[in-house]
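The values are calculated or read from the model by the stated rules, or taken from the named source; none is laboratory data. All values reported here derive from a predicted model rather than from experimental measurement. Heads up, the Cβs are rebuilt from the backbone with ideal geometry, glycines too, and the neighbour counts pull from every protein chain shown. Surface areas here come from the heavy atoms of the whole protein model, side chains and all, with no ligands, DNA or RNA. Shrake-Rupley method; radii C 1.70, N 1.55, O 1.52, S 1.80 Å.
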Amino acid sequence: MKLTSIAIGATALTLSACGGGDSGTPQTQTVSGVAATGLPLAGAAVNLTCASGSGTATTAGDGSYSVTLSGSTLPCVLTATSSDSKTVLHSVVPGSGSASGTTTAQITPLTELLLAQLSGQDPAKFAAAFGPTTAVSAAAVSSAQTALVSILKSAGVDPSSISDILGGAISAGSHQGYDAILDTLQSAITKAGTSLSELSTAVASSTGSTTAGASTLGTILAPANPDCTALKSGKHRLIKLSDGSAQMVTVDATALTVAMNGSSYQLTKNATCDFTLNDTGS
């Protein structure tokens, strides 16, 4: 009986030791995605900072990256800096508590604007202040995406075909799907003579009012005259200096035409941002 008792005790001890060893295995989290502006950001430095834990990676030729952390906790913020340091983009991984498994986090101009909408501030400042107490929920990200899509769509850039700005699939440089929307956004920025930074500032400042945000972005993204980016296409108030009267006219800043009272007039450039309208009555 004593031998049997000792044998059972030893077996129980062995099982207990095995179980204790398994429960101590740390969880690992892999965050991967693509850094792109339309074309891939090849050789970009990616920094991942979570509520606890951090890591780095360098993007491949197609803009892809992957970072694996052990024992990290959510949420996380990402910063991608191009090899020439001229382009800096941000993204986030929402959630809370310990993380394991794989997560996709794209890093694009759209995620930059999404983070501006989400945080109500410059994404770079959000990333710099990110810490263990920073909260980023999936619900908040979803709400921010809905607002951003509405604002951009009203301003002439429609990203509504992208169901998930953070996790949607990208083939950088393909000019298809998500990548095609990035191309459209970049084209609008170029034609408007503006920058992603200016758009991001406008989005952040309009948080809470999609109507105001759409109006502001619509103005910023309006096509500009290549020699005078302050001259934007759209509705303008024309003031007659002779008598102070005013009326609304439609300006085509690229063609330098003004539609007024059913007629079209021409603007002639005199100097930078100095134009003459060929209407003797104005």
So, over other residues within a Cβ distance under 15 Å of Val149, counting Lys, Arg +1 and Asp, Glu -1, the net charge is -2
Beyond 29 Å, the calculated P(r) of the chain holds a percent of Cα-Cα pairs equal to 47 percent
Want the number for Ala140 to Leu238: 0.36 nm per residue separation, take away the alpha-carbon distance, what's left?
31.0 nm
Most packed first (mean Cβ within 10 Å per residue), the peptides 190-200, 75-85 order as 75-85, 190-200
May I have the count of lysine pairs in the chain with C-alpha atoms under 21 Å apart, counting pairs 8 or more residues apart or located on different chains?
12
Add -39500 (n - 2.57) for each DSSP H run of 4 or more in the chain, then divide by its residues: what number comes out at 222 nm, to the nearest 500 deg cm²/dmol?
-10500 deg cm²/dmol
For the chain, what % of the accessible area comes from carbon and sulfur atoms, probe 1.4 Å?
54 percent
What shape does the range 136-179 take by its C-alpha gyration tensor, where a ≥ b ≥ c are the square roots of the eigenvalues and a/c under 1.5 counts as rounded, a/b above b/c as prolate, and the rest as oblate?
oblate
So, over other residues within a Cβ distance under 9 Å of Ala246, counting Lys, Arg +1 and Asp, Glu -1, the net charge is +2
Name the most mobile residue of Asp164, Asp243, Asp227, meaning the one with the largest mean-square fluctuation, in a Gaussian network model of the chain with Cα contacts below 10 Å.
Asp243
